[in-house]
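Take a look at the structure set out below.
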């Protein structure tokens, strides 16, 4: 046995030793609990307080304190006991009342984002607290992960046929009908050909890439695009404007690109898409092989082409410098389908 001052003997049952070894091997365990578990195991082996302190890099007093507690209470002794001290001035009930004040739906003068000072005043006026600082209110809200000054926009679809329309579109996304192609079509308008007036600076150690603020405008373009959802292939056309005639001309190119196939078109409720007389005449010219599916109202995100437009914006347009609209039209995009999911509710396929 190691030499050192006389220490309180510790005897642990086999089950207790296994529990402590499991605690030590647990990656998420608190370091203070791991240290106390090691003290218990070394004490059980009969080592002195001095030897244990040197082994674990703590004081002899710390080893002695926890050794005595473990000897009296067993494994339960490594846990912190309740500490004495001044009782909390703000009770849990009061904290919940303060959070409720911050989350009230309506504010004075039509605002819905109260300031910390306004929450303090309201809490005092309603008798929730006699006095509280704005910093104390801030800490309470942070602890509850409440941010009343932040607003996230949300758009609800009032379409009564929302479920039916989404089910039809998602069924097409999962599998195209026989001898058919499924195309997501939409327009991205107002794409600016912007040239940076001065060259930027490359990034370096501890330095971000820098971009000159001033720029030169070279006009705008409207991009009409069709995404084959099963291959990822994109058929696009850049034009000066986006009119009904422009869209019909683009659809003629779509018909030419997919001869002899049934074409299922998914697009939103834009007025040019809803011109039934125009598309009836168009469909008659092409053997009625086009089938038009409209996304629910206020739910154009169901259209996969929106994902491609987002990628195009991030990878091609953002921070770019285009010297002309012709330069803007030059783009390369690898064909790759999206792994699209809908998490609104379980999809209804019609299968029993």
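So which residues in segment 148-160 are exposed (fewer than 12 other Cβ atoms within 10 Å of the Cβ) and at pLDDT 90 or above?
Correct list: 158, 160.
Mind listing whichever residues of segment 82-99 are modelled with pLDDT under 90 and surrounded by 10 or more Cβ atoms within 10 Å (Cβ to Cβ)?
Across segment 82-99, the qualifying residues are 89, 90, 91.
Here is a list of conditions, (1) more than 26 Å from the chain's Cα centre (by Cα); (2) at pLDDT 90 or above; (3) over 23 Å from residue 310 (Cβ atoms), and residue 235 meets all of them except one; can you say which number that is?
Condition not satisfied by residue 235: (3).
So is residue 340 at pLDDT 85 or above, within 22 Å of the chain's Cα centre (by Cα) and farther than 14 Å from residue 223 by Cβ or not?
On the way: at pLDDT 85 or above: no; within 22 Å of the chain's Cα centre (by Cα): yes; farther than 14 Å from residue 223 by Cβ: yes.
In short, no.
For (1) farther than 30 Å from residue 257 by Cβ; (2) surrounded by fewer than 13 Cβ atoms within 10 Å (Cβ to Cβ), each residue gets a yes or a no:
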residue	(1), (2)
113	yes, yes
162	yes, no
167	no, no
172	no, no
182	no, no
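Mind checking which residues of segment 1-57 are more than 19 Å from residue 76 (Cα to Cα), touching a helix residue (DSSP H, G or I) at 6+ places or on another chain (Cβ under 7 Å) and not in a loop (DSSP other than H, G, I, E, B)?
Answer for segment 1-57, where residues must be more than 19 Å from residue 76 (Cα to Cα), touching a helix residue (DSSP H, G or I) at 6+ places or on another chain (Cβ under 7 Å) and not in a loop (DSSP other than H, G, I, E, B): 49, 50, 52, 53, 55, 56.
On the basis of being at pLDDT 95 or above and either part of a helix (DSSP H, G or I) or closer than 28 Å to residue 179 by Cβ (or both), does residue 230 make the cut? Can you show your working first?
Values: at pLDDT 95 or above: no; either part of a helix (DSSP H, G or I) or closer than 28 Å to residue 179 by Cβ (or both): yes.
When the stated conditions are applied, residue 230 does not pass them.
Scanning segment 257-267 for residues that are assigned to a loop (DSSP other than H, G, I, E, B) and in contact with a strand residue (DSSP E or B) (Cβ under 8 Å, 6 or more places away or on another chain), which turns out surrounded by the most Cβ atoms within 10 Å (Cβ to Cβ)? Outline the logic, then answer.
Taking segment 257-267 and keeping what is assigned to a loop (DSSP other than H, G, I, E, B), we get 258-261.
Within this subset, residues satisfying the condition of being in contact with a strand residue (DSSP E or B) (Cβ under 8 Å, 6 or more places away or on another chain) are 258, 261.
Numbers: 258: 18, 261: 13.
Selected residue: 258.
Residues 194, 169: which one is part of a strand (DSSP E or B) and either modelled with pLDDT under 90 or more than 29 Å from residue 326 (Cα to Cα) (or both)?
Numbers: 169 fails: part of a strand (DSSP E or B).
The conditions single out 194.
Considering each residue of segment 223-235, count those that are surrounded by fewer than 18 Cβ atoms within 10 Å (Cβ to Cβ) and touching a strand residue (DSSP E or B) at 6+ places or on another chain (Cβ under 9 Å), and give that number. If you could, list the steps in order and put the result at the bottom.
Step one: of segment 223-235, the residues surrounded by fewer than 18 Cβ atoms within 10 Å (Cβ to Cβ) are 230-233, 235.
Narrowing further to those that are touching a strand residue (DSSP E or B) at 6+ places or on another chain (Cβ under 9 Å): 230-231, 233, 235.
Result for segment 223-235: 4.
In this structure, is residue 140 surrounded by 15 or more Cβ atoms within 10 Å (Cβ to Cβ) and either modelled with pLDDT under 90 or part of a strand (DSSP E or B) (or both)? It would help to see each step written out before you state the result.
Numbers: surrounded by 15 or more Cβ atoms within 10 Å (Cβ to Cβ): yes; either modelled with pLDDT under 90 or part of a strand (DSSP E or B) (or both): no.
No; evaluated as a whole, the condition is false for this residue.
The values are calculated or read from the model by the stated rules, or taken from the named source; none is laboratory data. Because the structure is predicted, anything quoted here is derived from the model rather than measured. Here the Cβ is made from the backbone with ideal geometry for all residues, glycine too, and neighbour counts use every protein chain on show.
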